[in-house]
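Below you'll find the structure, written out as structure tokens, and then a few comments.
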Amino acid sequence: MLVLGIDPGLAILGYGIVEKEHNTLCPIDYGTVNTPAHMDAPQRLVRIFDGVCEIIDYFCPDAVAIEELFFNKNVKTAISIGQARGVAIVAAAKYGLPIYEYTPLQVKQAVVGYGRAEKVQVQNMVKMLLGLKKTPKPDDAADALAIAICHINNIGMYKKLKYR
């Protein structure tokens, strides 16, 4: 199973590709889709859409896991993140991929085992679970890898419960 994890953002959208082979998690790629602040919002959204489509074209994932919008006190920020998230979802839907959504709490629980874990704890577990020598950078890419791992962990449990 090959999963594309997405940490949505307007300035920086993180992505992580994780494959599960047998019982091993393999990091395939991770990085970001960046949009400059001086660019008009519609053009930034087009760049995000094109970037996510390129990633899907290249890696052909089986599923997409994306973080649900965490309500922010700054409404303007929440709206722009929501728009970037929507564009990423549309890109995945264009390819007919199944899309799964996870809250930050669910991601932390699946990766660290504790839903209130600190960001550094999640990053260290991502590094360990994927056998990486260094913590993935930037944080958005590390978060996207965590989201992909969360999905892989959840889909496995779902299948176990389904066939009991």
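The values are calculated or read from the model by the stated rules, or taken from the named source; none is laboratory data. Just so you know, these numbers come straight off a predicted model, no measurement behind them. Positions of Cβ are generated from backbone atoms using ideal geometry, with glycine treated the same way; all protein chains shown enter the neighbour counts.
Summary table
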{"read-out": "Residue in the stretch 81-93 that is part of a helix (DSSP H, G or I), over 16 Å from the mean Cα position of the chain (by Cα) and surrounded by 17 or more Cβ atoms within 10 Å (Cβ to Cβ) present", "value": "no"}
{"read-out": "Some residue of the stretch 69-77 being surrounded by 15 or more Cβ atoms within 10 Å (Cβ to Cβ), in a loop (DSSP other than H, G, I, E, B), in contact (Cβ under 8 Å) with a residue 12 or more places away in the chain and not polar (S, T, N, Q)", "value": "yes"}
{"read-out": "Whichever residue in the stretch 23-56 is hydroxyl-bearing (S, T, Y) and touching a residue at least 60 places away in the same chain (Cβ under 8 Å) and, among such residues, is nearest to G9 (Cα to Cα)", "value": "T32"}
{"read-out": "Scope the stretch 57-84; condition of a type in the set (A, V, I, L, M, F, W, C) and farther than 17 Å from E101 by Cα; matching residues", "value": "F59, C60, V75, I79"}
{"read-out": "Qualifying residue in the stretch 43-52 (condition: at pLDDT 95 or above, within 25 Å of A78 (Cβ to Cβ), of a type in the set (G, A, S) and assigned to a strand (DSSP E or B))", "value": "no"}
{"read-out": "Candidates E118, E101 - the one that is in contact with a strand residue (DSSP E or B) (Cβ under 7 Å, 6 or more places away or on another chain) and charged (D, E, K, R)", "value": "E101"}
{"read-out": "Identity of the residue in the stretch 1-36, assigned to a loop (DSSP other than H, G, I, E, B) and touching a Leu at 6+ places or on another chain (Cβ under 9 Å), that ends up nearest to Q123 (Cα to Cα)", "value": "P8"}
{"read-out": "Residue in the stretch 71-82 that is β-branched (V, I, T), touching a Lys or Arg at 6+ places or on another chain (Cβ under 8 Å) and either more than 22 Å from A142 (Cβ to Cβ) or at pLDDT 95 or above (or both) present", "value": "no"}
{"read-out": "Total residues in the stretch 53-68, condition part of a helix (DSSP H, G or I) and among the hydrophobic types (A, V, I, L, M, F, W, C)", "value": "4"}
